[in-house]
Amino acid sequence: MVTISSSKASARRRNGRIKLVAASAVLLSLILIGFYLLHWFTSSVLSSGSSLNTTGGIKGSPKSKQRILQSLTNLNDLVKLSPNNAEKESIFLSTATKECIPGRDDNGKEINPTTHRRRECLRHVPLGKHILTGIDLEERMKRQRPRIGIMITPGYISTTIADWIGRALKQTGDSIHMDIEIITTAHVPVYGYGKSHGYSKLIRVVTLPLPLAVNDAYYYSMNDLTDNNSNEGSNGSFVIHNLGAILDETKLKYTAKPSSQTVGSITELLLRWHCRLSHVAAHTAELTLTLDNILKHPTDTLETILTFVWRQDWEWEGHNHNENKSEERDLYPKIWKGAAEEFVASKGGSLQPLLYQLSLLLQDGLLSSDATLFGDTLQRSFANEMTKSKDMSSWPCPSFWDGVDNDYSGAAYKIANEMTPNCKDDDPYARCTVKKDRCEVKKDAICK
């Protein structure tokens, strides 16, 4: 009896241990599954930029972005540039977005209208005047740095985008140990090729629709655009200062609305600026970015920027390209997509400031209740400028000072002053050889 009871007790203890082990195994499995799901959620969902990512990096606020994109479409329909001639508007858009992408646009049969030779997308790395010519070639090459120009029209939208691009280039440049100079400016390059204007590659930021660009330029000029003559920036060059300037409700509320004449003048200036940049795209590597593409596809857009800037095709003095670490650099294109995703999804790569400022501008009465008056003025100025510039094909383009009042405090005067070419004798990179450019700096529209 005792033996039997003891055996039963031992069996019960073994069964208890088996159940405990089984329960522990189930609990451990649940814990492991939980950790896996947490890891998947963090790496796949949050980093992919879903709406759950409250840092707003890759997608920002999806609802606000969709509202803004819809507003841009509505504005484009409301304020037609050329309601009676769609062809004119198509020509403007084609000119404003013209590019010169190495390996794509210089491999065709297109002929440069100036040189009458096959089109080239040059990527010259300039040797500044401040680098002594007496030193040997190898030493001079060590001091060369590719110069990337981020070309923008004055405005809160364009400066915010330029700042976003600049930070991405700085971050990736540091990671691959490439030293470049980034210049953000509204001043058009001087007429001539890479050895004249001093840029290796250009990135043009285009704010569309045009009514939005006009409105943005006006508010920016009246609040955050100062006289460049008093500023001594890097190398004495013309640059837009304070890329961190933000449009807020106070600036919007207390800035007087522009007159019809001001709206017309700014419209003409924007077309002249794009006329100049389209001429540069005939021979210099130039990438064009539009506002809607940046909003819709920020990661793809940034990947395109990184590929354009960092591709191994620099034209160094004495060599066709920089051959240092060529095998290592051949691997770089493979990492640009990942680098773009990482930056756009980060707090520093957020587009929230851009969305915020866009929402303010699009709610402004000038583009809503007063849109009819605004549109009529813009359409007349657009038509006049297209005629004057021969559909933006004339060379040289119309002067920035043509029709602009000599009012130092006026928006049109400030914007024109910001757009004129960098044509200074003491500039270490630009070589101003065309009389038209010197006249622009002197504010001489006639230029006889």
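The values are calculated or read from the model by the stated rules, or taken from the named source; none is laboratory data. It should be emphasised that the depicted structure is a prediction, and the values quoted were computed from it without experimental measurement. Note that each Cβ is placed from the backbone with ideal geometry, even for glycine, and that neighbours are counted across all protein chains shown. Each accessible area value is taken on the protein alone, full model and side chains, heavy atoms only, with ligands, DNA and RNA left out. Shrake-Rupley method; radii C 1.70, N 1.55, O 1.52, S 1.80 Å.
For the reader, a short list of remarks on this structure follows.
- Across segment 366-420, Cα pairs under 8 Å and at least six residues apart give a relative contact order of 18 percent.
- Residues 145, 276 ordered from highest to lowest accessible area at a 1.4 Å probe: 145, 276.
- Cβ-based net charge around residue 387, under 15 Å, with every Lys or Arg adding one and every Asp or Glu removing one: -1
- Å² of accessible area per residue within segment 152-193, as computed with a 1.4 Å probe and no ligands counted: 27
- Heavy-atom SASA rank of 373, 361 (probe 1.4 Å, accessible area, largest first): 373, 361
- With the whole protein complex present, residue 366 retains an accessible surface near 10 Å², based on a 1.4 Å probe.
- The residues of segment 370-448 expose, per residue, 49 Å² of accessible area to a 1.4 Å probe.
- Three-way shape call for segment 339-448 based on the alpha-carbon gyration tensor, with the a/c threshold at 1.5: oblate
- The HN-Hα couplings worked out from phi for segment 145-152 by the Karplus form 6.51 cos²θ - 1.76 cosθ + 1.60 (θ = phi - 60°) are 9, x, 10, 9, x, 9, 8, 9 Hz, whole numbers, x standing for Gly and Pro.
- Whole-Hz couplings from phi, Karplus 6.51/-1.76/1.60, listed for segment 90-96; x for Gly and Pro: 5, 5, 4, 5, 5, 5, 5
- Only protein heavy atoms count here; on that basis, with a 1.4 Å probe, residue 401 has an accessible area of about 20 Å².
- Rolling a 1.4 Å probe over the protein chains gives residue 447 an accessible area of about 30 Å².
- Structure note, pairs 296/435; 170/296; 257/388; 337/390; 195/251; 257/448: Cα-Cα distances above 31 angstrom occur for 296/435; 337/390; 195/251; 257/448.
- Neighbour net charge for residue 285 - beta-carbon separation under 13 angstrom, K R +1, D E -1: +1
- Amide H contacts for residue 288 (H built 1.01 Å from N in the peptide plane; partners 5 or more residues away or on another chain; cut-off under 5 Å): 204.
- For residue 397, no residue has an amide H sitting under 5 Å from its own, ignoring neighbours fewer than 5 places away on the same chain, with H placed 1.01 Å from N.
- For segment 261-275, Karplus couplings with θ = phi - 60° (6.51, -1.76, 1.60), whole Hz, Gly/Pro x: 5, 5, 4, x, 5, 5, 4, 4, 5, 5, 5, 5, 4, 5, 4
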